[in-house]
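Have a look at the structure below, then the notes.
The values are calculated or read from the model by the stated rules, or taken from the named source; none is laboratory data. Since the model is a prediction, treat every value here as computed from it, not as a measurement. Cβ placement follows ideal geometry from the backbone for every residue including glycine, while neighbour counts extend to all protein chains displayed.
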Amino acid sequence: MTPHHLHATRAAQALDYARDRLAEAVYREMAERYREARTIAAASAIQAWRPVIGPGGIGGHGDPSSRAAVASVEPEVRDGRLRRLQASTTATLAWLADAIRLPPAGDPLPPLGRAIPRLPPAACRELTLWLDEADHRIREVLHLDPDGQLLPGRRCPRCGRRQLTAHAFGPRHTWTVTCTPTCLCIGDDCPCGMASRLAGVRHVWGPDHPLVTTLASAA
Ligand SMILES: [Zn+2]
Ligand SMILES: [Zn+2]
């Protein structure tokens, strides 16, 4: 796989994690909005029960059946900010899946991830931009750290800095290690040891590289 394939794989896994966290946050958001809506509905039910002051003086009550109606109908709740972000992210993924001619699927991200090895490098490069952007947007809203874990003690074979990041959230064959966004490959003469060296691409090492295989033995 080229570095573009590895970056697309990394981005898909990162987004998968971020979407899981977003789904949890949406669940909490919806629960909170239903709770608020029920409180409001209950308050208006009490309103319906208050004594009616009519021409005959204080006496009658609001129609008790209206109270039963309010209590039995689940209040209508509009989508919150997180639910809307979740929907727009999924819509973007469905559009991407359609753009690379994948059949429609319930959740478009898993088929997108599986399609990466078959895509041309240029398509992977584009896909990475979209996936990274969606990932960053979710992480910003949820205050999540960027994907990956700093690899303590290991130096980049190109820049020599100890700033390598392991991306090992998904299945073993999707694991990668990256250097900083400014550590770019210089092509054939680069000492990085990437299986496929491409000038100008941020360094990324795939599942067969020792930087990544040692992650498995450390786990
Ligand atoms: Zn580096
Ligand atoms: Zn390189």
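Would you point out the residue of the stretch 202-211, among those that are buried (at least 19 other Cβ atoms within 10 Å of the Cβ) and more than 15 Å from ligand 1 (Cβ to nearest atom), that is farthest from C124 (Cα to Cα)?
Among those that are buried (at least 19 other Cβ atoms within 10 Å of the Cβ) and more than 15 Å from ligand 1 (Cβ to nearest atom), it is P207.
Among (1) in contact with a Ser or Thr (Cβ under 8 Å, 6 or more places away or on another chain); (2) over 14 Å from R10 (Cβ atoms); (3) more than 11 Å from ligand 1 (Cβ to nearest atom), which single condition is R161 missing?
Result: R161 passes all but (3).
Would you point out which residue out of P146, P117, P157 is modelled with pLDDT of 95 or more and surrounded by 16 or more Cβ atoms within 10 Å (Cβ to Cβ)?
Numbers: P146 fails: surrounded by 16 or more Cβ atoms within 10 Å (Cβ to Cβ); P117 fails: surrounded by 16 or more Cβ atoms within 10 Å (Cβ to Cβ).
Step by step, each of P146, P117, P157 is checked, and only P157 is modelled with pLDDT of 95 or more and surrounded by 16 or more Cβ atoms within 10 Å (Cβ to Cβ).
Could you tell me whether the stretch 134-151 includes any residue that is within 15 Å of ligand 1 (Cβ to nearest atom) and under 15 Å from D16 (Cβ atoms)?
The initial filter retains those residues of the stretch 134-151 that are within 15 Å of ligand 1 (Cβ to nearest atom), namely 148, 150-151.
Subset that is under 15 Å from D16 (Cβ atoms): 148.
Yes, the stretch 134-151 has at least one match.
Here are A122, A99: which of them is out of contact with any helix residue (DSSP H, G or I) (no Cβ under 6 Å at 6 or more places or on another chain), in contact (Cβ under 8 Å) with a residue 24 or more places away in the chain and outside the structural domain of A216 (by TED's automatic domain parsing)?
Every option except A122 fails the conditions.
Hey, any hits in the stretch 186-204 for a residue that's modelled with pLDDT of 95 or more and more than 12 Å from ligand 2 (Cβ to nearest atom)?
The answer is no; no qualifying residue exists.
Would the stretch 192-201 turn up any residue that is surrounded by fewer than 19 Cβ atoms within 10 Å (Cβ to Cβ), within 14 Å of ligand 1 (Cβ to nearest atom) and of a type in the set (S, T, N, Q)?
no
Hey, among the residues in the stretch 160-173 that are within 23 Å of P110 (Cα to Cα) and surrounded by fewer than 16 Cβ atoms within 10 Å (Cβ to Cβ), which one's nearest to ligand 2 (Cβ to nearest atom)?
Checked the stretch 160-173; the qualifying residue nearest to ligand 2 (Cβ to nearest atom) is H173.
Looking at the stretch 65-99 only, could you name the residues that are hydrophobic (A, V, I, L, M, F, W, C), crowded, with 16+ Cβ neighbours inside 10 Å and modelled with pLDDT of 95 or more?
L82, L85, L93, A94, L96, A97
Would you mention how many residues in the stretch 204-219 are closer than 13 Å to T2 by Cβ and not hydrophobic (A, V, I, L, M, F, W, C)?
Summing the residues that are closer than 13 Å to T2 by Cβ and not hydrophobic (A, V, I, L, M, F, W, C) in the stretch 204-219 gives 1.
Take W130 and tell me if it is surrounded by 14 or more Cβ atoms within 10 Å (Cβ to Cβ) and of a type in the set (F, W, Y).
In short, yes.
Taking interchain pairs and intrachain pairs at least six residues apart, which have beta carbon atoms under 6 angstrom, with the first residue in the stretch 198-218 and assigned by TED's automatic domain parsing to the domain that holds R172 and the second away from ligand 2 (no atom under 16 Å from the Cβ)?
P207/H173; P207/W175; V212/W175; L215/A166; L215/A168
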